[in-house]
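The values are calculated or read from the model by the stated rules, or taken from the named source; none is laboratory data. None of the values given here were measured: they were computed from a predicted structure. Don't worry about glycine lacking a Cβ; one is built from the backbone with ideal geometry, like all the others, and counts go over all protein chains shown. Note: accessible area is taken over every heavy atom of the protein model, side chains too, but ligands, DNA and RNA are not part of it. Shrake-Rupley method; radii C 1.70, N 1.55, O 1.52, S 1.80 Å.
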Amino acid sequence: MSKLLKFQITLFRRYSQNSPEYTKKKFNVIRGNYNSIQKEDIQHFRKILDSKRVVTDSVDLEKYNTDWFFQVRGTSNILLKPKTTQEVSSILHYCNENKLAVCPQGGNTSALGGSVPVFDEVIVSTELMNKIISLDEDSGVVTCEAGCILENIDKYLEPKGFIVPLDIGAKGTCHIGGNVSTNAGGMRLIKFGNMHGNVLGIEAVTANGEILDCLSNLKKDNTGYHLKHLFIGSEGTLGFVTKVILQCPPRPKYRNAAFLGLQNFDKVLKTFKLLKGHLAEILSAVEVIDTPTMEFIRKENKQDSPIGDYPFYLMIETSGSNEQHDEEKLHLFLEEALKTGLILNGTVASEPAKIQAIWSIRENIANGFRAYGSRMLQYDTSLPFKDYYNILEPIKESTEGLSERVFGFGHLGDGNLHLQIILKNEATDELKSRVDAVVFEKVAAFNGSISAEHGIGFLKAKYMDKIKPKNTLNLMRNVKKLLDPNGILNPYKVIV
Ligand SMILES: Cc1cc2nc3c(=O)[nH]c(=O)nc-3n(C[C@H](O)[C@H](O)[C@H](O)COP(=O)(O)OP(=O)(O)OC[C@H]3O[C@@H](n4cnc5c(N)ncnc54)[C@H](O)[C@@H]3O)c2cc1C
């Protein structure tokens, strides 16, 4: 048996063991009025791209049809890998003319099933659009193709003294086009802000194949409507992002990380307030982890708290330009937090390997939950600080009997709580809807948002009419109609 065949079989086994039920069946979705791919379509795509970049093999397609978290699974029988904007344009033009639905895909790490087809949409991947085009070393403005892997952009910037203003656990896999399309948040949002703030320009292809040049590389450019913002966070429903211009700050010269143990959530909040005051401009991340999550990390990821057991843990990072100044600030904060009994214990790291060891505890959490497939429900909530953790208890109570355990962790610095629920049984559509209803009701009661940074994707699309005012939703629908009158771009996602 050839090596390639063995590899394909391994891949197939891995995906078929973990593969969720087909989305269309599990969620009882009705297929839109689109045409199905015919032989002539495949032939046409082979004229636009070379045949190696038109993938129709079902084994190869499996990972593009299944999402990273094993929650959803489509049945597409074709994947296209364009290398240029012109090729994307030709593909979309053809799909629009022939009413073929399209699913744009980057690194396929999104949390809500937006990146995989529901039925037989044509998957158009940015995998081969991975060139960094230029860097303006005076301004730190980098121009790159949409398929550049986030971490690769950061590695390219590092020796030039800049840093990518986005840091997420999926950085080794996700693409910048996907990050823009989801308006990704991540760990350093507290310091650098989100994609709306950091993307200066975009090139996008609309559903009919028209190429829109919004490639401004200026920090200030108030010349009419800021169309780029339509594509940031629209999850592939309004256009296909092909190029991104990103402003990147100077790379901090010194970093410190601290891992702290705390008694209760009240002290977590007080510590957060204290550390904001002390660390101010050098504060670059504040993450929180609760006891169930730490126990989960220990069991599933075989990693441990470096300081022993505490009810809550805070992970903080400072990034600055003056080692002595930064360390002094951090130590003053720690001294006061210990003296006043806000924190019970802590460890500080300033060497890169040790900092990474601390961060890996946080970054690996999602990977651990992945093993639970469709028994795991994940909620990405945004809440007022005072109620950030108060929401957990009522959710535990209301899902008793259904859930095995409820976990809370996340980007505390941005009020973003990731709530994971492991169910006792596989999540059927009905069971998921029951738990969703509980979580969304509690989030609304606490004046929060049901999506802080992961978007809407497929899994939350059915709730849009409950969370958006009617006229806002209508305007969104009208914008969609204007840019994509045939509705070919990422159907069944965001607004349905
Ligand atoms: C371990 C892990 C940690 C994560 N941590 C975070 C986090 O801290 N913060 C956060 O915000 N998210 C996080 N995520 C979610 C995910 O990584 C982000 O949403 C990311 O931005 C998705 O990028 P991607 O390239 O994988 O996009 P995909 O998953 O491929 O696609 C995401 C959406 O964008 C659309 N899309 C993709 N590329 C394009 C394009 N070129 N043009 C138009 N539409 C496109 C897709 O159709 C889909 O709707 C995490 C995920 C994992 C697995």
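Do we have Asp484 as within 14 Å of the ligand (Cβ to nearest atom) and within 22 Å of the chain's Cα centre (by Cα) here?
Judged against the criteria, Asp484 is not a match.
Cβ-Cβ below 6 Å, separation at least six or inter-chain, first residue in region 124-142 and closer than 23 Å to Lys52 by Cα and of a type in the set (Ser, Thr, Tyr), second within 15 Å of the ligand (Cβ to nearest atom) and assigned to a loop (DSSP other than H, G, I, E, B): which pairs?
These pairs meet every condition: Ser125/Lys81; Thr126/Gly106; Thr126/Ala146; Thr126/Gly147.
If Asn152 meets every condition in (1) within 14 Å of the ligand (Cβ to nearest atom); (2) touching a residue at least 40 places away in the same chain (Cβ under 8 Å) apart from one, which number is that one?
Going through the list (1) within 14 Å of the ligand (Cβ to nearest atom); (2) touching a residue at least 40 places away in the same chain (Cβ under 8 Å), Asn152 breaks only (2).
Buried (at least 19 other Cβ atoms within 10 Å of the Cβ), in a loop (DSSP other than H, G, I, E, B) and either more than 19 Å from the chain's Cα centre (by Cα) or not assigned by TED's automatic domain parsing to the domain that holds Thr84 (or both), is that true of Gly209?
Judged against the criteria, Gly209 is not a match.
Pick out the one residue from Glu323, Glu317 that is in contact with a helix residue (DSSP H, G or I) (Cβ under 8 Å, 6 or more places away or on another chain), in contact (Cβ under 8 Å) with a residue 40 or more places away in the chain and not aromatic (Phe, Trp, Tyr).
The unique qualifying residue is Glu317.
Residues of region 407-433 being touching a residue at least 60 places away in the same chain (Cβ under 8 Å), outside any strand (DSSP E or B) and either open to solvent by 10 Å² or more (accessible area, probe 1.4 Å) or in contact with a Ser or Thr (Cβ under 7 Å, 6 or more places away or on another chain) (or both), which ones?
Those that are touching a residue at least 60 places away in the same chain (Cβ under 8 Å), outside any strand (DSSP E or B) and either open to solvent by 10 Å² or more (accessible area, probe 1.4 Å) or in contact with a Ser or Thr (Cβ under 7 Å, 6 or more places away or on another chain) (or both): Gly413, Asp414, Thr428, Asp429.
Quick check on this structure: which one of Leu260, Leu279 is within 25 Å of Ile361 (Cα to Cα), away from the ligand (no atom under 16 Å from the Cβ), among the aliphatic types (A, V, I, L, M) and not in a strand (DSSP E or B)?
Among Leu260, Leu279, only Leu279 is within 25 Å of Ile361 (Cα to Cα), away from the ligand (no atom under 16 Å from the Cβ), among the aliphatic types (A, V, I, L, M) and not in a strand (DSSP E or B).
Please count how many residues of region 106-132 are within 15 Å of the ligand (Cβ to nearest atom), open to solvent by 10 Å² or more (accessible area, probe 1.4 Å) and outside any loop (DSSP other than H, G, I, E, B).
So the answer is 0.
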